[in-house]
Every structure is written in structure tokens, then in C-alpha cells.
1. Residues in the stretch 18-40: is at least one touching a helix residue (DSSP H, G or I) at 6+ places or on another chain (Cβ under 9 Å), closer than 20 Å to residue 101 by Cα, loosely packed, with under 15 Cβ neighbours inside 10 Å and at pLDDT 80 or above?
2. When you look at residue 60, is it under 30 Å from residue 117 (Cα atoms), outside any helix (DSSP H, G or I) and in contact (Cβ under 8 Å) with a residue 12 or more places away in the chain, yes or no?
3. For the stretch 48-83, name all the residues that are surrounded by 15 or more Cβ atoms within 10 Å (Cβ to Cβ) and modelled with pLDDT under 85.
4. Which residues, counting only those in the stretch 84-119, are buried (at least 17 other Cβ atoms within 10 Å of the Cβ), part of a helix (DSSP H, G or I) and out of contact with any helix residue (DSSP H, G or I) (no Cβ under 6 Å at 6 or more places or on another chain)?
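The values are calculated or read from the model by the stated rules, or taken from the named source; none is laboratory data. Everything numeric in this text was worked out from a predicted model, so none of it was measured. Glycine also receives a Cβ, built like all others from the backbone with ideal geometry; neighbour counts cover every protein chain displayed.
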């Protein structure tokens with residue numbers, strides 16, 4: 001049975017970078033997992049996956065959006081990788097927050113994609 005959280009995430013229109021296409025702002029959203037929360041058992045249990053995705057990755061997402069909002073850059077023209085690659089485009093007072101939350105956001109997005117059920121990743 002598909003959980004309600006997965007159904008909600010999969011119902012949105014996500015782009016390849018985990019950004020909600022219909023947001024119109026470029027605001028970062030928690031990307032959906034490419035599999036169910038229990039798909040990696042017995043190696044990673046469902047509870048750990050839920051906590052790590054829904055709470056931990058969401059905290060990086062919220063922190064990134066907050067940091068970008070403080071510098072009026074929620075609609076920044078670059079995806080977070082581009083921003084992190086050239087931090088000179090970010091005011092010095094916000095660099096640490098964007099580096100921490102943006103790096104955490106992108107690392108977790110790649111983390112979810114690198115793992116696959118049945119040992120496929």
C-alpha cells in the first residue's frame with residue numbers, strides 16, 4: 001500500500017532537479033523518493049527512511065528557502081548547484097546558511113537517487 005505522503009509527493013509536477021514546476025517561484029520543495037519508504041528494507045528500515053526524508057531533508061529544504069528569502073532570491077536564476085559553485089553571487093552575510101542548507105538539500109537529493117531497491121544502486 002502506498003503511503004499518503006508518497007501519494008502527495010508524486011501528485012505534484014517535479015522537474016529533474018526536485019523543484020516543483022508549478023510553484024512559479026523557484027521555491028525548493030522536498031523531492032519525492034523514487035521508491036516507497038520500505039523499499040530498502042532490510043538494509044534501511046521504513047521508520048528511518050521516513051524520519052530522514054520527511055524531517056531531515058525537509059529541514060534542509062526549509063532552511064534553504066528561508067536563507068534565499070532573506071536575500072530576496074527565491075526565484076534565483078540558477079539551481080542550487082550553480083549557486084553553490086559560485087558563492088560570489090550570494091551576499092556574504094548569507095553564504096554560510098545557503099552553503100549549509102543548499103549543500104544538505106542537494107546531497108540528500110543525490111543520496112535518494114543513488115540508492116535502489118533490490119541492490120540496484
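1. no
2. Working: under 30 Å from residue 117 (Cα atoms): yes; outside any helix (DSSP H, G or I): no; in contact (Cβ under 8 Å) with a residue 12 or more places away in the chain: yes.
Judged against the criteria, residue 60 is not a match.
3. Result: 73, 74, 76, 79.
4. Matches in the stretch 84-119: 109, 112.
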